Structure formats: structure tokens, C-alpha cells
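Just so it is clear, none of the values below were taken in a lab; they were calculated from the coordinates. Every value quoted in this text rests on a predicted model; they were computed, and no experiment measured them. For neighbour counting, all protein chains shown are included, and Cβ atoms are generated from backbone atoms with ideal geometry for every residue, glycine included.
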Amino acid sequence: MPLRPIKHAFHDRYMALALAQMGLCAVAVLAAASLRFIHVGWPGVASIGPLGPKILALSLTLVTAMYALGLYQRFVPMRPEEIAVRVLAACGLTWAGLALLYYLLPDLYLGRGVMALTLLFVAPALITTQVLFQRWGDDAQIKPRVLVLGAGQRAADLFVRLGAPRGSRLVGFVRTASDQPAASLSGPIVRAGPARLVELARRLRVDEIVVAPDDRRGALPLDALLACRALGMRITDAVGFAERETGKVLLDLLHPSALVYTSGGFGSALYPYGKRVFDTLAAALLLLLAAPLMGLAALAIRLEDGAGAPVFYRQLRTGQGGRPFSIWKFRSMSVDAEQAGAAVWAQANDPRVTRVGRVIRKYRIDELPQLFNVLRGEMSLVGPRPERPEFVARLAAGIPFYDVRHRLAPGLTGWAQLNYRYGDTEADAREKLQYDLYYLKHQSLLFDLMICLLTVEVVLFGKGAR
């Protein structure tokens with residue numbers, strides 16, 4: 001049993017995968033250096049300087065690039081050829097990132113020859129480990145084993161909404177005294193009472209217990225749960241388990257107090273200042289790097305539609321606190337796209353989109369002028385997508401908690417934009433709101449940085465654009 005807490009430290013096995021791949025990078029660097037200086041032997045390798053910091057810099061950069069390209073997303077299936085493309089793209093990003101790093105910290109310079117050989121050696125190893133890990137990760141036998149304390153209607157409703165858990169293996173339900181019989185349970189009812197919970201959890205090799213009785217008052221075996229917790233098992237309530245499995249807040253399970261008792265940056269005294277500094281510095285840097293691309297986009301729009309047509313498009317959106325502001329974009333639709341004057345959601349294969357517009361929308365180039373909105377403080381880099389006031393009024397009337405998303409500054413990218421396609425219906429808006437509320441509950445600068453890195457994948461592969 002003393003090893004169980006260590007096992008829980010690696011609950012997310014992608015951390016172990018990343019560490020293993022960093023080890024492969026180290027081996028690749030040593031092999032590349034040995035081959036590069038094969039004619040002089042070890043003295044040539046030693047002439048590079050201390051290898052430890054150089055190996056660490058390269059491996060961390062490569063793992064970060066792979067993360068940015070979505071290779072460490074939990075239980076997201078990919079075809080082997082897609083994995084290969086992403087690994088090779090990560091190697092390219094690593095080369096570019098190291099070029100900048102070596103300029104700032106020249107002592108970490110590894111040498112072009114050694115670096116090229118390293119990436120050549122490590123790419124096949126990374127592709128192989130990624131493909132094997134995905135096949136291994138899909139095996140239910142190695143997923144965390146979950147026991148549900150509760151076998152009534154609440155537990156049944158929870159798993160009906162979740163479907164089959166993606167990141168865990170359901171081993172059964174334990175009935176409590178408060179549970180009402182439910183016919184729709186998606187797993188076996190374990191024939192043991194809550195009083196024998198510790199013995200049962202040990203016998204079933206349980207990693208996590210989800211607490212979901214119909215009535216918690218007087219129904220929870222607290223001593224048994226504390227004993228299980230002391231043995232290294234995770235104890236989670238139904239709402240928290242649903243959030244972790246889906247990456248969103250399920251509106252059907254949400255109580256207003258769940259948004260008050262939050263551990264994220266929402267309501268923190270320091271987080272808004274750190275976020276504002278991050279937004280300002282990142283937006284300024286992105287504008288500097290994107291300036292040539294923005295110039296080409298403006299030129300392409302002018303060439304397609306003529307000198308008299310506007311390059312930019314200005315539109316009213318709802319911002320933080322419900323305050324309206326003007327958002328700026330490169331114009332991607334025809335000038336008379338809304339000649340009737342009514343607000344219309346963009347549709348798939350929308351005929352109003354121009355030829356240049358299809359390209360700049362696919363790769364999010366049309367969104368780049370919104371970096372000026374970020375600098376002005378009207379938007380953040382990460383947050384809920386700002387909607388038009390005409391849509392907001394309608395959606396707030398039909399979707400509970402919809403106005404809560406306006407407690408935050410709207411974002412250029414966000415958790416909902418990463419996890420859900422472009423929405424053009426009220427049902428889509430409801431689904432995206434669940435991701436926005438998850439972000440509100442869990443936001444932090446680290447979460448913001450993770451979202452920014454994952455946005456690289458969306459931009460490079462043109463996901464979800466219309």
C-alpha cells in the first residue's frame with residue numbers, strides 16, 4: 001500500500017510519457033554527438049561543453065512543442081499518420097524555438113550538426129512511442145479504477161450524461177440507504193454495504209471513489225471514506241468527477257454555489273493583474289511577429305475586392321460586465337454580407353465568404369487585428385468568445401447561467417473554442433457555455449498558457465473555422 005500515493009502522482013500517464021520522451025531526447029543527443037565527432041572520438045564530444053543543460057533545454061523545448069500540437073491530450077485518438085505529421089511539425093517548432101533560445105542564452109548552443117542529427121534520430125522514436133502509448137492508453141485495464149458510492153437516480157443520471165468514462169474504468173456502484181432504485185445504471189451494483197467500503201475498495205483495487213448518493217445527509221460513511229483517502233485513493237464528488245471527465249461544467253448538475261466555491265483565479269486579488277501583464281506583453285509580441293502576415297492579408301483583400309473596399313470589419317460585441325465594445329477583424333465576407341441589417345451567424349460553406357476570406361478564416365488570420373482590442377483592455381488573450389448583443393439577449397433568455405460568462409473579459413482564444421466547433425445554434429451556445437464555466441472555475445495563468453499553446457494546433461491545422 002505505501003506505493004499507492006506514488007501511483008496517484010502519475011494519475012495522468014501523459015506526464016510519464018513526456019518524461020520518457022525527454023529521456024529519448026537525451027539518448028539521441030549523445031548518439032548525435034558521437035556520430036558528429038566519430039573521427040576524433042570523445043574529445044570532440046567534450047569540446048561542445050557540459051551536455052546536461054544543453055540536453056535539458058532541447059528536450060524541454062521539444063516536449064513543449066509536442067504539447068502545443070496536441071500530442072499530450074488525454075484519450076484523444078489519432079491515426080498514426082496524423083501523429084507522424086504532428087511530431088515532425090513539433091521538431092520544426094523546436095528548431096525555431098532553439099534558434100531563439102540560443103540567441104538569448106548562447107551557452108546552451110549545441111551546434112547545428114548535432115541538433116539536426118538529434119532531431120533526425122529522435123523523430124522516429126517519438127512517433128513510435130506515441131503510437132504505442134495511444135494503443136496502450138486505450139486499454140481499459142490500465143485506466144484508473146473508479147467505484148461509485150451511490151446506486152440511485154443521481155448516480156444513474158450522472159453516467160447517462162457522461163456515457164462511458166474516457167479517462168477511467170467503472171468497476172461498480174455501492175448502494176447507500178438513501179438511494180432510490182434506478183433502472184438505468186451503466187454498471188454492476190456491488191453487493192456490499194458502505195460499512196465494508198475499505199475492504200471492498202482494496203479487493204477491487206480501486207483508485208478513486210466518486211460520491212454520488214441520492215441524499216448525502218447522514219448517508220455518507222465518513223470514517224470509511226477517510227480510511228480510503230489515507231490509503232491513497234482519490235475521493236471525488238459527482239460534479240467534480242463530471243468536470244474532470246468532460247472538461248466542462250454540466251449545466252444540469254450545476255448549482256449557483258458551485259461557481260462561488262471555486263479554486264481558480266476568478267475572484268483572486270492578484271490574478272487579474274498578472275493576467276493583464278501577460279495579455280499586454282503577449283499581444284505586443286504577437287503583433288510584432290504577425291505584422292508581415294497582416295500586411296499580406298490586407299494586400300490580398302485589396303487585390304481581390306479593389307481599392308474602394310474596406311480591409312477591416314468593425315462589429316459591436318458584448319464585453320466584460322455586459323459592456324459593448326467594437327471588435328476589429330480583417331474583412332472576410334463580401335461588403336454587403338448583412339444588407340438586410342439583421343445579425344446572422346456564419347454557416348458552414350457560407351456563400352458570403354470571399355476567396356481570400358476562406359483562407360484567412362481557416363488559419364484565424366482574420367482575428368489578428370483583435371490584438372489591438374487586447375492591448376486596449378477590451379479583450380484578453382484567453383476567455384469566452386465575445387458574442388453580438390443581438391445574440392446575447394436571446395441566448396441569456398433561454399440558457400441558465402449564460403450571463404455568468406460576462407463576468408470575465410472576452411478572449412481571442414479560449415477553452416470553449418478549443419473543445420467545441422464553431423456554433424450557430426442555441427444548442428451549440430449552451431454546449432460552449434459549459435466549457436466557459438469550466439474555465440471560469442479553474443482559470444489560472446498556467447491554464448491560460450496551456451490554452452495558448454493548444455491554440456497553436458488549432459491555427460496550424462485550421463480546426464473549427466468557418
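With a threshold of 23 Å on the Cα-Cα distance, the over-threshold entries among K143/K248; K275/K362; K362/K432 are K275/K362. Each of V459 and R13 was given a label point 7 Å from its Cα along the Cα-to-Cβ line. The distance between the two points is 3.3 nm.
In order along segment 153-162, the Karplus-derived 3J(HN,Hα) couplings, from 6.51 cos²θ - 1.76 cosθ + 1.60 at θ = phi - 60°, round to 5, 5, 5, 5, 4, 4, 7, 5, 5, 7 Hz, and Gly and Pro are given as x. In this structure, the amide hydrogen of S380, modeled 1.01 Å from its nitrogen in the peptide plane, lies closer than 5 angstrom to those of G411, L412, counting only residues at least 5 positions away or on a different chain. With R₀ fixed at 41 Å, the C-beta to C-beta distance from W95 to A192 puts the FRET efficiency at about 0.10.
Put in order of Cβ neighbour count within 10 Å, fewest first, the listed residues W136, W415, W95 become W136, W95, W415. Placing a label point 7 Å from the Cα of R244 along the Cα-to-Cβ direction, the residues of segment 215-236 whose backbone N falls under 13 Å from that point are 229, 232-236. From zero outward in steps of 5 Å, how is the percent of C-alpha pairs of segment 67-126 spread across the bins? Percent of pairs per bin, in order: 4, 16, 25, 21, 15, 11, 6, 3. I need the fraction of alpha carbon pairs in the chain separated by more than 35 Å, rounded to a whole percent. The calculated P(r) of the chain puts 45 percent of pairs beyond 35 Å. With both labels modelled 7 Å from their Cα along Cα-to-Cβ, the R135 to E199 distance reads 4.2 nm.
Applying 1/(1 + (r/R0)^6) with r as the Cβ-Cβ distance of V85 and L289 and R0 = 25 angstrom yields a FRET efficiency of 0.60.
First obtain the Kirkwood hydrodynamic radius of segment 141-246 from its Cα pairs, then insert it into the Stokes-Einstein equation at 4 °C and 1.567 mPa s, and state the resulting D in µm² per second as a whole number.
Numbers: Rh = 13.4 Å.
Approximately 96 µm²/s, per Stokes-Einstein.
Estimated at 0.36 nm per residue, the fully extended path between R323 and R358 surpasses their Cα-Cα distance by 9.6 nm. In the chain, the DSSP-assigned H stretches of four residues or longer account for a calculated mean residue ellipticity at 222 nm of -16500 deg cm²/dmol, using -39500 (n - 2.57) per stretch and the full residue count as denominator.
Derived scalar couplings between HN and Hα for segment 360-371 equal 6, 6, 4, 9, 6, 5, 5, 7, 4, x, 5, 4 Hz in order, rounded to whole Hz, by the Karplus curve 6.51 cos²θ - 1.76 cosθ + 1.60 (θ = phi - 60°), x for Gly and Pro. Listed peptides 243-250, 443-450 appear in the order 243-250, 443-450 once ranked by packing, highest mean of other Cβ atoms within 10 Å at the front.
Each principal axis of the Cα cloud of segment 363-463 was evaluated for its coordinate range; sorted largest first, these ranges are 34, 25, 24 Å. Shape class for segment 274-322, computed from the alpha carbon gyration tensor (a ≥ b ≥ c): oblate, with a/c not under 1.5 and a/b at or below b/c.
Annotation: amide H of R169 within the under-5 Å range of R145, V146, sequence separation 5 or more or interchain, hydrogens built in the peptide plane. Spin-label model, L270 to L30: label points 7 Å out along the Cα-to-beta-carbon direction sit 4.0 nm apart.
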